[in-house]
Amino acid sequence: HVVETGGGLVQAGGSLRLSCAASGRTFGNYAMGWFRQAPGNEREFVATITWSGGYTLYADPVKGRFTIWRDNAKNTMYLQMNSLKPSDTAVYYCAARRSRLNSMYEREYDYWGQGTQVTVSS
């Protein structure tokens, strides 16, 4: 069970931080990821992190602007989004994978949150 928070409306160039809170004692054993879906588009990969946080992977459009990390003591994962663009507007989803290894493939994730809306105005 995972729940995203932190979405909202921001102007281009601004920042937002998303949080993903997970329930259960196995959070620390799961790789996690962020995906997003813009209106009329398929859901796409944004970023992923291994169980320990030691390895991360980003989609090209967000490299250098977004940062993913996790705090296993708090059962929480984060996505810091800087230099936001209107093209970042989407519903952002948190996902958990029953594996310690991260993945950029949606089909390899087992648990999904309900999503949080991020809107970037120009």
Additional length obtainable on full extension of the chain from T5 to Y105, 0.36 nm per residue less Cα span:
33.8 nm
Mind giving me the nanometre distance, one decimal, between the label points for Q114 and N72, set 7 Å out from Cα along Cα→Cβ?
2.9
Once phi is turned into ³J(HN,Hα) by the Karplus curve 6.51 cos²θ - 1.76 cosθ + 1.60 with θ = phi - 60°, what whole-Hz value does each residue of the range 69-77 show in order, with x for glycine and proline?
7, 9, 10, 5, 5, 9, 6, 9, 10
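With the full set of protein chains in place, find how many percent of the accessible area of the chain is carbon and sulfur; take the probe as 1.4 Å.
Summing carbon and sulfur atoms, their accessible area is 48 percent of the total for the chain.
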Could you grab the relative contact order for the chain? Cα pairs under 8 Å, six or more apart, rounded to a whole percent.
37
Accessible surface, per residue, of the chain when the full set of protein chains is kept, probe 1.4 Å, Å²:
51
Rg and Dmax of the range 1-44, Cα atoms, in Å?
13.5, 38
At most 11 other Cβ atoms within 10 Å and a DSSP loop assignment: could you name the trypsin sites (Lys or Arg not before Pro) in the range 1-84 that fit?
R25, K63
Computed FRET efficiency, Cβ-Cβ of N41 and S121, R0 22 Å: what is it to the nearest 0.05?
0.75
Placing +1 on the Cβ of each Lys and Arg and -1 on the Cβ of each Asp and Glu in the range 81-122, which of S83, Y105, S122 has its Cα farthest towards the positive end of the resulting dipole?
Y105
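The values are calculated or read from the model by the stated rules, or taken from the named source; none is laboratory data. All of these numbers come straight from a predicted model, not from anything done at the bench. Every residue, glycine as well, gets a Cβ built from its backbone with ideal geometry; the counts of neighbours run over all protein chains shown. Side chains are part of the model used for accessible areas, which takes the heavy atoms of the whole protein and leaves out ligands, DNA and RNA. Shrake-Rupley method; radii C 1.70, N 1.55, O 1.52, S 1.80 Å.
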